[in-house]
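Single-structure report; data block below.
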Amino acid sequence: MTKMLNTQGYLLMGEDNWLKAKWFKTFKQDYCIDEQDMMNYVEIKAKDLSFSKLEDTLNTLPFFASHKLIYLKDSGLFKAGKKEESDSFLGLIKDLPEYILLVVDEKEVDKRNKLYKVFKERYAIIVCDYPGEEQVITILQKELKKNRLEMDKGNLLYFIRNMPENVEAILTEFQKLITYVEEGKITQEAIDAVCIFSLEKRVFELVKKIGAKESSEALAIYNRMIQSKESPIGILVLIARHYRVMLQIKYLSSKRNLSQKELATQLKLPYFAVKELTEQSRKYSFKQLEAILAACLETDQAIKTGKMEGVKCVEVLIMNCLNQPKIG
């Protein structure tokens, strides 16, 4: 893939380290480059970046090889406010010697940056963002096959949707599951027993149970969060956020007739989350959602003024949400 791009400079963008590592491994294999070869592989981190040393490296021929690879990680040169350093770097890499391969790995990139524009025009930009559910399922299915385990698609989706959108983090948790189960089939019970879900994912599940009027399950989720030392205020903030998004979805879908894909783009949320929240929003009227958001504000004030103890205060809010009459 990298040879087909026929260029010497590569900007790796995005936050998914697993995808970056996979791309970089393939790149080195394509060019037969060994990281142990100190003469022809140079790795530079931000704190070690010296433009004079970089210039020397660029101008030194490879040792008994056709190429020399320079890997620059998290330099910060593609962010705003680094004009002088960016210009110095640009002067060095604008016309690379034919034997140089340059890979620049950045999490944050300002697309207005002159360096970014040069890479877009002259070199190659590789975007390493979260690949989406279907590709992640394929990655996990390969891991299952390798370990002779089974897992149905419903449980794969349950696992993925309770994980951060980061392949590296997903695979770390998945490895725990594989070690725990050892043989047979991975079930939802195993996922719940082993995996650590983010607070946001657990609150999402809590709000889902509230909408379904499953009071015992909703309170059980809340109690588990409190037992794991989560802050009642932190839980409250996320409850309010979910109901606020529901209100936005209800308005945009009914008043402006936006599709779920358009909603996902506008609200900057995963498609599956918009789909779930759209279903949940149908269980409430506009007035009910507004009343719940007002109750969230009152709960916040009650906690901060000491009117009621935080854990109990949020529990009362949850009960009030559960007692909202069904519509339709």
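The values are calculated or read from the model by the stated rules, or taken from the named source; none is laboratory data. In this text the structure is predicted, and so the values were computed from the model without any measurement. Note that we place each Cβ from the backbone using ideal geometry, even for glycine, and neighbour counts take in every protein chain shown.
How many of the residues making up the range 220-229 are in contact (Cβ under 8 Å) with a residue 24 or more places away in the chain and within 21 Å of Leu293 (Cβ to Cβ)? So the answer is 2. Just to check your reading of the model, which residue among Glu205, Glu143, Glu168 is within 23 Å of Leu267 (Cβ to Cβ) and either within 23 Å of the chain's Cα centre (by Cα) or in a strand (DSSP E or B) (or both)? Step by step, each of Glu205, Glu143, Glu168 is checked, and only Glu205 is within 23 Å of Leu267 (Cβ to Cβ) and either within 23 Å of the chain's Cα centre (by Cα) or in a strand (DSSP E or B) (or both).
Just to be sure before I move on: is Phe197 within 30 Å of Lys326 (Cα to Cα) and assigned to a loop (DSSP other than H, G, I, E, B) in the structure I sent? Yes. Can you find even one residue in the range 192-202 that is modelled with pLDDT of 90 or more, surrounded by fewer than 17 Cβ atoms within 10 Å (Cβ to Cβ) and either within 25 Å of the chain's Cα centre (by Cα) or among the hydroxyl-bearing types (Ser, Thr, Tyr) (or both)? Looking through the range 192-202, none of the residues is modelled with pLDDT of 90 or more, surrounded by fewer than 17 Cβ atoms within 10 Å (Cβ to Cβ) and either within 25 Å of the chain's Cα centre (by Cα) or among the hydroxyl-bearing types (Ser, Thr, Tyr) (or both). Does Phe89 meet the test of being in contact (Cβ under 8 Å) with a residue 40 or more places away in the chain and either touching a His at 6+ places or on another chain (Cβ under 9 Å) or of a type outside the set (D, E, K, R) (or both)? No: the conditions fail for Phe89. Taking Ala80 as the residue in question, decide whether it is aliphatic (A, V, I, L, M), surrounded by fewer than 15 Cβ atoms within 10 Å (Cβ to Cβ) and closer than 25 Å to Asn17 by Cβ. Taking the combined requirement at face value, the residue satisfies it.
Scanning the range 181-196 finds no residues that are acidic (Asp, Glu), out of contact with any Asp or Glu (no Cβ under 8 Å at 6 or more places or on another chain) and under 30 Å from Ala65 (Cα atoms).
Yes or no, residue by residue, for (1) of a type outside the set (Val, Ile, Thr); (2) assigned by TED's automatic domain parsing to the domain that holds Lys275:
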| site | (1), (2) |
| --- | --- |
| Tyr180 | yes, no |
| Ala190 | yes, no |
| Val203 | no, yes |
| Glu214 | yes, yes |
| Arg224 | yes, yes |
| Gln227 | yes, yes |
| Glu230 | yes, yes |
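Residues in the range 261-274 that are assigned to a helix (DSSP H, G or I) and either surrounded by fewer than 15 Cβ atoms within 10 Å (Cβ to Cβ) or in contact with a Gly (Cβ under 9 Å, 6 or more places away or on another chain) (or both): Lys261, Glu262, Thr265, Gln266, Tyr271.
Residue count for the range 148-165, restricted to those that are in a loop (DSSP other than H, G, I, E, B) and either of a type in the set (Gly, Ala, Ser) or farther than 16 Å from Ala193 by Cα (or both): 4.
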